[in-house]
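Working notes for the structure below.
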Amino acid sequence: MSAAADRPVREAADPPAPDRPAPDRPAADPLAPDRLAGRAGPTPFLVLDLDRVAAAYRGFTAALPGVDVHYAMKCNPDVRVLRRLHGLGGRFEIASVAELRALAEVGVDPADLLYSAPVKPAAHVAEAWRAGVWRFAFDGTEELATIAAHAPGAAVYVRLATAPGGNTVPSEGKFGVPPDRAARLLRAARDAGLRAYGLTFHVGSQMLEPAAWGAALARAGTVLRELAAAGVRLELLDLGGGFPARYSTDVPPLAAYADAIAAGLDRLPYVPATLAVEPGRALVAEAGTMVATVIGTAERHGRRWVHLDVGAVNGFLEALETGNRLRYPVADSRGSARREPVQLTGPTCDSQDTIMFDVPLSAGLAAGDRVFLGSAGAYTTSYAGAFNGFPAPRTHVVG
Ligand SMILES: Cc1ncc(COP(=O)(O)O)c(C=O)c1O
């Protein structure tokens, strides 16, 4: 490790984007280097600032009064995050019984959960129902049959498809059905002895266009109207996740999303009694800084490669999912004013393991130097594998 290895710098090197946090975002340095200075020990590790998680949660409750905020814990299920959010009155969205069990440890009442994965293992439905979960998402007749068999009498909500585009992390149309099918499925739910309870959608993760909620709500309105004509009134409208975090460039303020949602709700024939959102990355991404060590460097075809002990496959899988379009703010411990563009890649032999291309970092970065990647609190540790034997990052919390 070089002499400078434990001396984080303030400079955010990639790119020098205007650091003008929107008013509803905590005005903290995205790399929080002062918080990292004392952290020794083996890298890679994620430093997660729970105060920033709490501030982001409060931002949601303030921007969306009357809307239940269910944290989509899949993006960072660290128990300390769960505890902090639970302590603030936060609710949760789950995708498996493992998540349900983790929340039970924290003291969360299963009756407050939303189980929004549209297709679930039958055994998970059964265990969740026994534990007290009573609300389940679905988007097809097979899943409806599973829920009817293993959670008889449960309340079900249909996942609506949304229009593609505007989101940095592609969703590839995996989930959801169009409005006419959604209405048919909810009528079928009623016929199967289930409670035709509501609608949900997910506009796509890191959605940069608030208007996406307006379009999705218009689709929801079509379903509400059609079902009202059949005498069915829904109780839940779940506006999903997709709210963005700031990476290297500004994103629209949460207030713009709240305005789009309010306008969309105004156009509905009626507003269901329970409104919910399921933010994931918007609550935790900016609270996390990944600390990595350079394991080696190389010059290849005129480009400089910096290999870290964390890469796409043991922490930054979203680099792969987005075609390297997520640009994490980066700094390094060398702190040199002279910069050179580097390819920031991982330790494994996987040729797709690169986090970012052409990142301006200190010239002469060498083995032992540290690199700090900001906005790394979401979909990093929870996505990480151990390919080639390189371990997933551990998490240290502060705040
Ligand atoms: C059902 C559901 N809700 C919410 C989320 C959270 O999404 P985001 O992190 O984009 O807010 C996800 C993410 O995969 C999801 O599958």
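Every read-out reported here was derived from the displayed coordinates using simple, explicitly stated rules and does not represent laboratory data. Keep in mind the model is a prediction, meaning the values are calculated, not measured. Glycine gets a Cβ as well: all are built from the backbone with ideal geometry, and neighbour counts include every protein chain shown.
Key figures
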quantity: Loop-located trypsin sites (Lys or Arg not before Pro) in region 308-394 whose Cβ has at most 14 other Cβ within 10 Å (DSSP); calculated: Arg325, Arg338
quantity: Size-normalised alpha-carbon gyration radius of region 254-395, reference 2.2 N^0.38 Å; calculated: 1.31
quantity: Karplus 3J(HN,Hα) series, Hz, for region 97-104 with 6.51 cos²θ - 1.76 cosθ + 1.60 (x for Gly, Pro); calculated: 6, 4, 5, 4, 5, 4, 6, 4
quantity: Fewest-first ranking of Phe243, Phe387, Phe92, using other Cβ atoms within 10 Å as the exposure measure; calculated: Phe387, Phe92, Phe243
quantity: Helix 50-63 vs. the chain, principal-axis angle (Cα, 0 to 90°, nearest 10); calculated: 40
quantity: Radius ratio Rg over Rh of the chain, counting only Cα atoms, Kirkwood formula for Rh; calculated: 1.01
quantity: Long-range amide H partners of Thr200 with built H, under 5 Å; calculated: Val158, Arg159, Leu160, Asp238
quantity: Note, ³J(HN,Hα) from phi for region 65-82, Karplus 6.51, -1.76, 1.60, rounded to Hz, x at Gly and Pro; calculated: x, x, 10, 6, 9, 9, 5, 7, 5, 4, 7, 6, x, 3, 4, 6, 5, 4
quantity: Rg in Å to one decimal, and Dmax rounded to a whole Å, for region 77-279 via C-alpha atoms; calculated: 16.6, 50
quantity: Cut-off under 5 Å, modelled amide H: who pairs with Asp358 long-range; calculated: Val342, Gln343, Leu344
quantity: Residue-averaged 222 nm ellipticity for the chain, from DSSP H runs of 4+ at -39500 (n - 2.57), nearest 500; calculated: -8000 deg cm²/dmol
